[in-house]
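Visitor: One structure coming up, written as structure tokens, with questions to follow.
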Amino acid sequence: MPDRPDNPQAALIAAAAPFRAALLDWYRRHARVLPWRNAPSLYKTVVSEFMLQQTQVKTVLPYFARWIAALPDFAALAAAPEAQVLKLWEGLGYYSRARNLHKLARALAPLPEPPRRPEEWLSLPGIGPYTAAAITSINFGAHAAVVDGNVVRILARLSADGTPYRDSSTAAKTFAPLASALLNTAAPGDHNQAMMELGATLCLRRKPLCLTCPVRTLCACHSRGLEPENYPRLAPRQIEKLTVARAWCVKNGKLLLHRTPAKSRRLAHLYELPSAEQLGTRAGDFFGTTAKPLLTKKRGITRYQITENIFAAEAPEPLPADLEWIALDELEAITLSGPHRRWVRELLRATP
DNA sequence: AAAACGGGGCA
DNA sequence: TGCCCAGTTTT
């Protein structure tokens, strides 16, 4: 691509020094007080980064406190049974993160010391480019720039980049060189955290607080009078609608649940209300009858918009694979996904 | 009810 | 590269 005299990205790189200084100064005065920033440790960084992978800070806070209290270091996590790990994660969602974190602790255990370079972390479970850069820059001062959704948003606005991106991962890849060029190698961890802090607290998706932005004078949107809300341009996602029929089956003080196999791609080793298919019943047998669902819930998850209908049902005989009877007074001890946990509580209150 | 937010794994 | 993961919060 030929250089244009008004290339805002080149201008930004030329102004890297004042950018870094203004950003770091702002961060050191305005950084939120977060538990993984107090008495920081590699373990706290790793746990918080896993929890923050697809979840916002506010949601993570109570889970992080509970987790650190129960499993205070890598050794405790490596020694913990999987059931405890999943239970501590219950409600956070995307449970492969918990399983990967557990695997990570066990992978680190035999090493004399944890790796210090991002490339080494990349081969560990649950670690991608973002997490590798975050962990090694924060804990070891590695010269690795993070590129998460916050950083993409900031860089697209700073450079007034109106390129339409197919998805967020394409955008992240495109902005990686610019993020690296701007990295403050004297304080990579704080620089990276400052970028994400700026994105999370000021350079917001829809209502950016430009008046208080420490780098607005270096922002191409600001100097050109462009609306930052329009940057970056990301293609809208395709949504697929799905309907699931589930069974509510209580007998002799026990609830019938499906336990997802350990190797399953989703909800591995978690319990859920059995779907019609898992019960060995065609969904049509539920929908075809005049029976009305006990409960109907809608939820959006990844690329799906799912309507969940929960029907009263009889247990099949014999019991199909992966179905288990769980005593009602032991339900709190097992791990369900957040929505399933709420539905079970709601239905137990409604049908005592 | 719909949109926003959001990294890694895997074929 | 393209699809999947099976969630919460905000608007």
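Coordinate-derived values only; no laboratory data. Everything numeric here is computed off the predicted structure, so don't read it as measured data. Ideal geometry is used to build each Cβ from the backbone, glycine not excepted, and the neighbour counts take in all protein chains shown.
Visitor: Amide H to amide H under 5 Å from residue A:301: which residues, 5+ apart in sequence or cross-chain, H placed 1.01 Å off N in plane?
Guide: Long-range HN contacts for residue A:301: A:306.
Visitor: Once the Cα gyration tensor of chain A is diagonalised, what are the square roots of 5 times its eigenvalues, in whole Å and ordered largest first, as equivalent ellipsoid semi-axes?
Guide: 44, 25, 17
Visitor: Shifting gears a bit: Which ³J(HN,Hα) values in Hz, rounded to whole numbers, follow from the phi angles of segment A:269-277 under the Karplus curve 6.51 cos²θ - 1.76 cosθ + 1.60, where θ = phi - 60° and Gly and Pro get x?
Guide: Working through the residues one at a time gives 6, 9, 8, 8, 5, x, 7, 4, 5 Hz.
Visitor: To continue, here is another question. Can you grab the distance from the C-alpha centre of segment A:216-233 to the C-alpha centre of segment A:234-270, Å, no decimals?
Guide: Between the Cα centres of segment A:216-233 and segment A:234-270 lies a distance of 43 Å.
Visitor: Need the C-alpha centroid separation for segment A:55-73 versus segment A:114-132, integer Å.
Guide: 21
Visitor: Give the order of A:224, A:117, A:20 when sorted by the count of other beta carbons within 10 angstrom, beginning with the fewest.
Guide: Final ranking by Cβ density, sparse to dense: A:224, A:117, A:20.
Visitor: Can you say what percent of the DSSP beta bridges in segment A:240-350, counting only those with both residues inside, are antiparallel? Round to 5.
Guide: Roughly 65 percent of the beta bridges in segment A:240-350 run antiparallel, per DSSP.
Visitor: Same structure, new question: Using Cα atoms only, what is the angle between the long axis of helix A:338-350 and the major principal axis of chain A, expressed in degrees (0 to 90) to the nearest 10?
Guide: In chain A, helix A:338-350 runs at an angle near 40 degrees to the longest axis.
Visitor: Among A:68, A:138, A:310, which comes first, then next, by fewest other beta-carbon atoms within 10 Å?
Guide: Arranged by neighbour count, lowest to highest, A:68, A:138, A:310 become A:68, A:310, A:138.
Visitor: Calculate how many DSSP beta bridges within chain A are antiparallel, expressed in % of all such bridges and rounded to the nearest 5.
Guide: Percent antiparallel among DSSP bridges in chain A is about 60.
Visitor: Could you derive backbone 3J(HN,Hα) for segment A:141-153 from the dihedral phi with the Karplus parameters 6.51, -1.76 and 1.60 (θ = phi - 60°), listing whole Hz in sequence and x where the residue is Gly or Pro?
Guide: Whole-Hz 3J(HN,Hα) from phi for segment A:141-153: x, 4, 7, 10, 8, 7, 10, 10, x, 4, 5, 4, 4.
Visitor: Checking the table A:58/A:298; A:44/A:173; A:207/A:298; A:263/A:298; A:207/A:263; A:58/A:87 against a 31 Å threshold on Cα-Cα, which pairs fail?
Guide: The pairs that break the limit, which is 31 Å between Cα atoms, are A:207/A:263.
Visitor: Same structure again: Hey, which aspartates and glutamates would be in cross-link range of residue A:103, C-alpha to C-alpha under 19 Å, not counting anything within fewer than 8 residues on its own chain?
Guide: Of all the aspartates and glutamates, those that pass the test against residue A:103 - Cα under 19 Å, at least 8 places apart if same chain - are A:49, A:73, A:82, A:90, A:113, A:119, A:120.
Visitor: With no solvent and one point per C-alpha, what does the Debye sum give as log10 I(q)/I(0) for segment A:240-350 at q = 0.15, 0.16, 0.18, 0.24 Å⁻¹?
Guide: Evaluating at q = 0.15, 0.16, 0.18, 0.24 Å⁻¹ gives log10 I(q)/I(0) of -0.63, -0.73, -0.94, -1.70.
Visitor: Also: Quick check: the distance between the Cα centres of segment A:134-194 and segment A:288-352, to the nearest angstrom?
Guide: Between the Cα centre of segment A:134-194 and that of segment A:288-352, the gap is 42 Å.
Visitor: Give the order of A:275, A:169, A:159 when sorted by the count of other beta carbons within 10 angstrom, beginning with the fewest.
Guide: Ascending Cβ contact count within 10 Å gives the list A:169, A:275, A:159.
Visitor: Between residue A:209 and residue A:119, how many nm apart are label points set 7 Å from Cα along the C-beta direction?
Guide: Using points 7 Å along Cα→Cβ, the separation is 4.1 nm.
Visitor: For residue A:311, enumerate residues with amide H under 5 Å from its amide H, sequence gap 5+ or separate chain, H modeled in the peptide plane.
Guide: Result for residue A:311 returns A:246, A:247, A:248, A:294.
Visitor: Also: Before rounding to the nearest 500, sum -39500 (n - 2.57) across all DSSP H runs of length at least 4 in chain A and divide by the residue total; then give [θ] at 222 nm in deg cm²/dmol.
Guide: -13000 deg cm²/dmol
Visitor: How large is ³J(HN,Hα), in whole Hz, for each residue of segment A:210-217 in order, when computed from phi with the Karplus curve 6.51 cos²θ - 1.76 cosθ + 1.60 and θ = phi - 60°, using x for Gly and Pro?
Guide: 4, 4, 9, 6, x, 10, 4, 5
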